[in-house]
Structure formats: C-alpha cells, structure tokens
Amino acid sequence: MSCKGIKIAAMICAVLAFVSCKAGDMQHKDDNTVPHTRDVFAMDTYMNITAYGYNAEKALDDAEKRIMQLEAELSATSETSEVWKLDHSDGEAVKLGSDTAELIAKALDMCKRTDGCLDITVYPVLKAWGFTTGEYRIPEKAEIAGLLRNVGYSDIKAEGNSFKLSGNAEIDLGAVAKGYTGDEIMEIMRSDDVKSAIINLGGNVQTLGKKPDGSEWKIAVRDPFSPDTDMCVLEVADRCVITSGNYERFFIGDDGKRYCHIIDPSDGYPADNGYVSVTVVGKDGFTCDALSTAVFVAGEKDSAGIMQDFADYDFLIVTENGKIYYTGGLAECFRNISSMPDEVITFD
C-alpha cells in the first residue's frame, strides 16, 4: 500500500473511532437509567438531587442556582435577605420580590386554614429558646409572655407585594421554605424535560414520576424513638413525603425534659401535644411542609379537623406512646418495619 493509501486508511479509522466515541457518549447521555446527582448545602441543611435522562445535568445546574437564589431571599438570619429586611423594618411597609411575596402570602393562607397551628410570626420565641443559634435555654414564663404579644399572623398587613409587620413582630419561613423550594426544583425538572427525579432537602423528599425502571420510589421514614433506624417504607410516585418530628432539633433541659424546635404559638413552648412525628404525603411540597408542622402542633386533641380539611393529603403519625396511625390513602403503599403497632385513622 502506498503512503497515500496508508494515510487515507488511518483517517478513516480515526473518523470511525470518533463517531464510535460520540455514539457511545450519546448512548450514555440518552440512557435514562443513569443517575446524575448533585449535593448542595443550603437553608442550613444538606440537600441531594438525583435526576435521570439526557438533560439531567442541565436540570441539576438550574436547580442548584434556584436553591441558592431562594436561600438568599428567604433566610431569616442573612442581613442581605428580603425576610431580614422585613423583620427589621420597624413597622414600615416593605415591597418584596415575587418569590418572597408569593411565599408569605401562601404561608399566611395556611396559617389561617390551620387556625394558627402554623404561625410564621413565632420566630422571636424560637430565638429565645436558642434554636436559631444553638445556645439552648429555657426562657422564663414572663419572657415568653412578653414575646407572645408580638406573635400573630393576622397582624401582618399585605397589599400586593408590600408587607407590614406590627410592633416587634418578626417572621421566619423555615416551616415552608424547603417545601416551596422542592416544588420549584420539580418545575425546573419538568421544564428541562426530566421525567424521573428524586430530591431530599434535609428530610423533605419529593419525587418526579416513577423510577427509570417503571417501579415506584421506596421512601423510608425514620423511627422517631430511634432516628438511626427506619420505621416504615412508603412506595410513591409523583409525591412528596415530608416529616416533622421532635427528634430533628432538640435539647434536654436541666429538668431532664426534651424540648424540640417546633414551637406551639398558643403558649410559646415547644409543641408537646401527644405526637412525636408527623409525615405528610401529597403532590404539593409547600402544603406538605406546612401541614407537617401544623398537625404536629395541633396534636392528638385538635389535628383531626386539619386532616379532614386536607383530604387530598395523607398523614402518617407516631404518638408519644409508640403507636403508628395513618390515613387510608396510604394503605396500599405503607409497610411497617418497626415493632410498633399500626392502625388506620378513622374520622367520626
């Protein structure tokens, strides 16, 4: 073979090799079974996002940018955030960006619908207990009583995107921000044509579609009495699984009692109303997030009305005496792997 022939043959081999490599790359990118993952630390928690499909990496990039944007706007502790600006407005009206305004409006509606069991103005009381700094303490009753005078979601005045707090009131959107963020991430996934994804935002789990193999996602719910172990497994698709519990952030006081970070707005003390864990399952992360807090605060005595008002959502509750209760919509997807007895919730 001539030198020219050798060169042509070599070029053909090189082109074939290039095409083969590119075809392999495309096959890998088009393979919907290949997971693409991203770890993010934001909103004071570790987040994990997993997406499948050709556009997964773009979706992860877009999701991470959105998370950081929302954290910058919604943080109650960052002096550059919109929430901080409102909390330090000295009673003046503050015009907020669309994200913050929308979330506050949605949160206020949930405060009303849960009869104040969710109240975004309880933040000063939360701070007094040390849950925002880690410097835990049991405030005096007189201190709590004074702070409660500034607690009351109905005192927030809203006009369009402008909000006004009364007196020394402050808000915190921590009870709903992660659920709202999860919803935003899922919208990004859909717009980027991702069909299968799962996110874990510090215990807030949201799923898009089913797993790539067509099966449902298996979501483990932790045992509140032994948080390093799982209590049950839920099989879901296109659903959020969001839990609030007294084991997440708490301290043991000098009196030997456990005090958790979920404050009961009615008395200013950590909620202690018979529940140790509340998991909400439904399509909307924001609503699940808000309901998990509200039902936990309402407790055994007052939670039935809230659950009935939100019949499109399912609830999984663990009581302080070690019993599991769940609504009927979970009957086919709930598997108890603990030693606790379980029972379907019935309403009179």
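Nothing in this text is a laboratory measurement; each read-out follows from the coordinates by a stated rule. Quantities reported herein were computed from a predicted structural model and do not represent experimental measurements. With ideal geometry, Cβ positions are generated from the backbone for all residues, glycine too; neighbour counts draw on all protein chains shown.
What to note about this one:
- Between amide H atoms placed 1.01 Å from N, distances below 5 Å from residue 96 occur with 162, 163, all of them 5 or more places distant or on a separate chain.
- Shape call, the stretch 68-113: gyration tensor on alpha carbons, a/c limit 1.5: oblate
- Over the stretch 88-193, equivalent-ellipsoid semi-axes from the Cα gyration tensor in Å: 27, 18, 12
- Cα gyration tensor shape for the stretch 179-219, rounded if a/c is under 1.5, else prolate or oblate: oblate
- Taking the charge dipole of the stretch 190-276 about its Cα centre, with +1 at Lys and Arg Cβ atoms and -1 at Asp and Glu Cβ atoms, the residue from 219, 229, 275 reaching farthest to the positive side is 219.
- Length-normalised contact order for the chain - Cα pairs under 8 Å, 6+ apart - percent: 15
- Positive-pole candidate from 266, 252, 241, dipole of the stretch 226-348, charges at beta carbon: 252
- Cα-centre dipole for the stretch 286-348 with unit charges at Cβ (Lys and Arg positive, Asp and Glu negative), debye to 20: 180
- Working note: Cα atoms of the chain, range along each principal axis, descending, whole Å: 99, 51, 38.
- Relative contact order of the stretch 85-211, defined on C-alpha pairs under 8 angstrom at six or more residues apart (%): 28
- The relative contact order of the stretch 236-347, computed from alpha carbon pairs under 8 Å that lie at least 6 residues apart in sequence, is 23 percent.
- The local environment of residue 289, defined by Cβ-Cβ distances under 11 Å, has a net charge of 0 under the rule Lys, Arg +1 and Asp, Glu -1.
- Dipole in debye (nearest 20) - the stretch 216-262, about Cα centre, beta carbon charges: Lys, Arg +1; Asp, Glu -1: 120
- Calculated [222 nm] ellipticity per residue, helices only, for the chain: -11500 deg cm²/dmol; basis is -39500 (n - 2.57) per DSSP H run with n ≥ 4, divided by all residues, nearest 500.
- Think of each Lys and Arg Cβ as +1 and each Asp and Glu Cβ as -1; about the Cα centre, that makes the dipole of the chain roughly 1240 debye.
- Under the membrane-span-like helix rule (DSSP H runs whose alpha carbons stretch at least 24 Å along the helix axis, mean Kyte-Doolittle hydropathy -1.0 or higher), the chain yields 3-30, 56-74, 285-309.
- Lysine pair number, Cα distance threshold 26 Å (strictly under), the stretch 110-240, separation 8 or more or different chains: 18
- Between 101, 63, 145, the GNM of the chain built on Cα springs shorter than 10 angstrom shows 145 fluctuating the most.
- Taking a ≥ b ≥ c as the square roots of the eigenvalues of the Cα gyration tensor, the stretch 135-246 is classed as oblate, since a/c reaches at least 1.5 and a/b does not exceed b/c.
- Shape analysis of the stretch 196-348 based on the Cα gyration tensor places the equivalent ellipsoid semi-axes at 25, 17, 15 Å, largest first.
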